[in-house]
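Read-outs: derived from the displayed coordinates by stated rules, not from any lab. This structure is a prediction, so every number in the text was calculated from the model and none was measured. In this analysis, Cβ positions are derived from the backbone assuming ideal geometry, glycine residues included, and neighbour counts consider all displayed protein chains.
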Amino acid sequence: MKADIKLVAGNSNRALSEAIAAYLSLPLAKAQVRRFADMEIFVEIQENVRGQDVFIIQSTSFPTNDHLMELLIISDALRRASAKRITAVIPYFGYARQDRKAGPRTPISAKLVANLITQSGVDRVLTVDLHAGQIQGFFDIPTDNLFAAPLMARDIQQHMDTSNVMVVSPDVGGVVRARALAKRIDAPLAIVDKRRERAGESEVMNIIGDVKGRSCILVDDIVDSGGTLCNAADALLADGAKEVYAYITHGVLSGGAVARIASSKLKELVLTDSIQPTEAVKVASNIRVISVAQLMGEAIGRTATGSSVSSLFD
Ligand code: R5P
């Protein structure tokens with residue numbers, strides 16, 4: 001069965017693609033993704049894919065538009081080469097935060113991107129920790145949203161004394177995600193409630209839950225500027241927390257985020273490699289990366305054989 005699977009890697013996260021291929025004991029298909037002089041993307045799949053079950057591995061991470069366009073063009077090339085089924089394996093689905101009209105005359109870019117991916121010829125999607133689970137419904141094709149929570153729970157159990165741990169959601173929007181992790185490690189839950197009482201006044205952070213003396217673990221899907229995370233860590237420490245850790249699936253880490261986190265009071269930030277860690281991330285003393293390669297490899301294998309993917313999370 002596995003002989004019929006082809007793995008095609010985009011340029012966004014070669015290391016993760018190689019680790020997934022190693023887990024599945026498969027080579028990455030020979031393919032070239034290059035640029036013309038004007039930076040247009042050109043793709044050439046250099047082996048036969050006719051009638052095959054093909055998985056494209058590509059995160060739509062920074063530079064988001066380039067990586068998204070690569071994914072679309074790889075899919076088009078595979079469709080025109082008569083692949084039997086194309087699955088877009090998107091460890092980090094960019095544009096997910098634009099999932100509703102945030103104001104008048106604004107786009108729902110997550111839906112637009114889902115449409116583009118489907119139109120390019122993709123038959124199904126495999127992703128990890130979508131910003132909001134409902135984004136699955138933006139795709140009119142089967143979409144599996146894998147959870148990093150089991151990986152995080154295992155890592156926490158290996159590295160911490162869970163008897164004094166409190167899982168914390170850094171905002172009200174992340175409560176469901178944080179609660180799921182708290183349940184897995186049998187820990188209580190607290191919430192950071194950010195409120196601006198009056199327009200023009202700065203935000204006040206209220207902690208719902210008693211964090212005094214606790215080892216707090218902030219959980220989120222994305223760390224981008226690091227603002228949410230570092231502010232929440234400060235608020236928890238000000239409220240008497242003993243120490244603050246963070247487990248975050250997608251390390252977007254724009255601008256000076258890594259420096260901000262390195263100089264923050266966070267004891268440790270644990271990220272997954274859904275987005276390829278930069279050199280700055282690799283050398284930061286309080287950032288550690290765990291891999292989703294095995295999780296994604298297993299889900300790919302199960303998709304190929306028509307086995308249950310949801311049972312991965314039982
Ligand atoms: C927002 O809803 C997300 O879950 C993250 O909390 C947010 O994207 C983090 O952004 P930043 O690191 O820039 O505060």
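Annotations
- Residue under evaluation residue 234, criteria (1) touching a helix residue (DSSP H, G or I) at 6+ places or on another chain (Cβ under 9 Å); (2) without any contact (Cβ under 8 Å) to a residue 40 or more places away in the chain, criterion not met: (1)
- Exclusive hit being without any contact (Cβ under 8 Å) to a residue 40 or more places away in the chain, closer than 16 Å to residue 299 by Cβ, surrounded by 12 or more Cβ atoms within 10 Å (Cβ to Cβ) and touching a strand residue (DSSP E or B) at 6+ places or on another chain (Cβ under 9 Å), set 7, 26, 16: 26
- Residue count for the stretch 29-57 satisfying the condition of being touching a residue at least 40 places away in the same chain (Cβ under 8 Å) and either hydrophobic (A, V, I, L, M, F, W, C) or touching a His at 6+ places or on another chain (Cβ under 8 Å) (or both): 7.
- Any hit, the stretch 38-46, residues being surrounded by 16 or more Cβ atoms within 10 Å (Cβ to Cβ) and either out of contact with any strand residue (DSSP E or B) (no Cβ under 6 Å at 6 or more places or on another chain) or closer than 19 Å to residue 276 by Cβ (or both): yes
- Helices (runs of 4 or more DSSP H) wholly inside the stretch 174-283 that include at least 1 residues being within 13 Å of the ligand (Cβ to nearest atom): 175-185, 227-238, 257-262
- Any chance residue 97 is more than 15 Å from the ligand (Cβ to nearest atom), out of contact with any Gly (no Cβ under 6 Å at 6 or more places or on another chain) and not in a helix (DSSP H, G or I): no
- Residue match in the stretch 98-108 (condition: hydrophobic (A, V, I, L, M, F, W, C) and buried (at least 17 other Cβ atoms within 10 Å of the Cβ)): no
- Residue 153, sole failed condition from (1) away from the ligand (no atom under 15 Å from the Cβ); (2) small (Gly, Ala, Ser); (3) part of a loop (DSSP other than H, G, I, E, B); (4) closer than 22 Å to residue 91 by Cβ: (3)
- Just one of the listed residues (153, 149) is buried (at least 17 other Cβ atoms within 10 Å of the Cβ) and over 23 Å from residue 18 (Cα atoms), and it is 153.
- Meets criteria (farther than 30 Å from residue 314 by Cβ and in contact with a Leu (Cβ under 8 Å, 6 or more places away or on another chain)) for residue 199: no
- Pair list, Cβ under 9 Å, 6 or more apart: the stretch 259-287 residue under 24 Å from residue 11 (Cβ atoms), other residue in a helix (DSSP H, G or I) and among the basic types (Lys, Arg): 276/14
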